[in-house]
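Encoded as structure tokens, the structure appears first; notes follow it.
Taken together, the values in this text are just the output of simple stated rules run on the coordinates, not laboratory data. What you are looking at is a predicted structure, and each value in this text was computed from that prediction instead of being measured. Cβ coordinates were reconstructed from backbone atoms using ideal geometry, including for glycine residues, and neighbour counts include every protein chain displayed.
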Amino acid sequence: MAKKKIETIYYQDELNDEFSSAQIKTKEIGMSYKFLHKNPFYNFLSFVWYRLIATPLAFIYLKAKFHLKIENKEVLKKVDKSGFFLYGNHTQEIADAFIPTFVIFPVRAYVIVHPNNVSMPILGKITPHLGALPIPSELKAFKNFYNALEKRILQGHAITVYPEGHIWPYYTKIRPFKATSFAYPIKYGTPVFCFTNTYQKRKHGKKPKIVTYLDGPFYLNQTLDETMQKQDLRNRVYETMVTRSKKSNFEYIKYIKRSLKK
């Protein structure tokens, strides 16, 4: 039987190239967007969607398609019930919305997302119930956004950030990312965890399985100023993820920098 030919993707910019196939008309996230809801029925509906519908369906999906396995989850025991920020590599369109839920279960995971995630005709109405927190399009709306982050942290939940920003399906390395998103844990004084999705060979099947490694907690270095704290946190998380990414041993899609193309 002939082996599957590895798909090749050529890229130019690790920071800005996007390889998601989704074509979505982006919704503006302004002052009228509700990040927090006081309506008890809305919050009950969110619980139903997150715990009773999405979580079991996501578990089946992740196990059936990716044979997901999570390693080193015991590090969560190193922190109390306070909230924290969770950083991960961005390598799947659908799975990345669900993996944080199982990496830190039973802690509830919220995810900072691009407005596209709440702009889809049907799913866009559901994703906020699942924890999607879209980045505002208007400067004035950031106050409401930050209030939502603060409330979720005070409730003991986790907020997931994908610092690479763009989806590179099945990418086995860690792209360089900026320190900008590490302002969140500094603003709220929280610990940080990171998870690294690796792609490893299965005994049977043409696609790799995902083995996810959780690491942390990473604490702020209080001897540094705010700018250096962000960079220090970024560097420690990045280096940890790079080390974990070396456990990938299956390249389902090959990425080649365009300047190196023969």
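Listing for the model above:
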| read-out | value |
| --- | --- |
| Residue match in segment 224-232 (condition: surrounded by 14 or more Cβ atoms within 10 Å (Cβ to Cβ) and touching a residue at least 60 places away in the same chain (Cβ under 8 Å)) | no |
| Breaking point among (1) over 23 Å from residue 110 (Cα atoms); (2) of a type in the set (Lys, Arg); (3) in contact (Cβ under 8 Å) with a residue 40 or more places away in the chain; (4) out of contact with any Leu (no Cβ under 9 Å at 6 or more places or on another chain), for residue 209 | (4) |
| Qualifying positions in segment 91-104 - touching a residue at least 40 places away in the same chain (Cβ under 8 Å) and either surrounded by fewer than 21 Cβ atoms within 10 Å (Cβ to Cβ) or part of a strand (DSSP E or B) (or both) | 93, 95, 96, 102 |
| Yes/no for residue 26 being of a type outside the set (Phe, Trp, Tyr), over 16 Å from residue 171 (Cα atoms) and either touching a residue at least 40 places away in the same chain (Cβ under 8 Å) or surrounded by 11 or more Cβ atoms within 10 Å (Cβ to Cβ) (or both) | yes |
| Residue, farthest from the chain's Cα centre (by Cα), within segment 17-58, restricted to residues that are among the small types (Gly, Ala, Ser) and either in a helix (DSSP H, G or I) or more than 23 Å from residue 145 (Cβ to Cβ) (or both) | 46 |
| Candidates 170, 238, filtered to the one that is more than 25 Å from residue 146 (Cβ to Cβ), surrounded by 17 or more Cβ atoms within 10 Å (Cβ to Cβ) and hydroxyl-bearing (Ser, Thr, Tyr) | 170 |
| Segment 130-189: number of residues that are within 21 Å of residue 90 (Cβ to Cβ), in contact (Cβ under 8 Å) with a residue 60 or more places away in the chain and of a type in the set (A, V, I, L, M) | 8 |
| Criterion: in contact (Cβ under 8 Å) with a residue 40 or more places away in the chain, loosely packed, with under 14 Cβ neighbours inside 10 Å and within 25 Å of residue 217 (Cα to Cα) - qualifying residue of 73, 69, 78 | 78 |
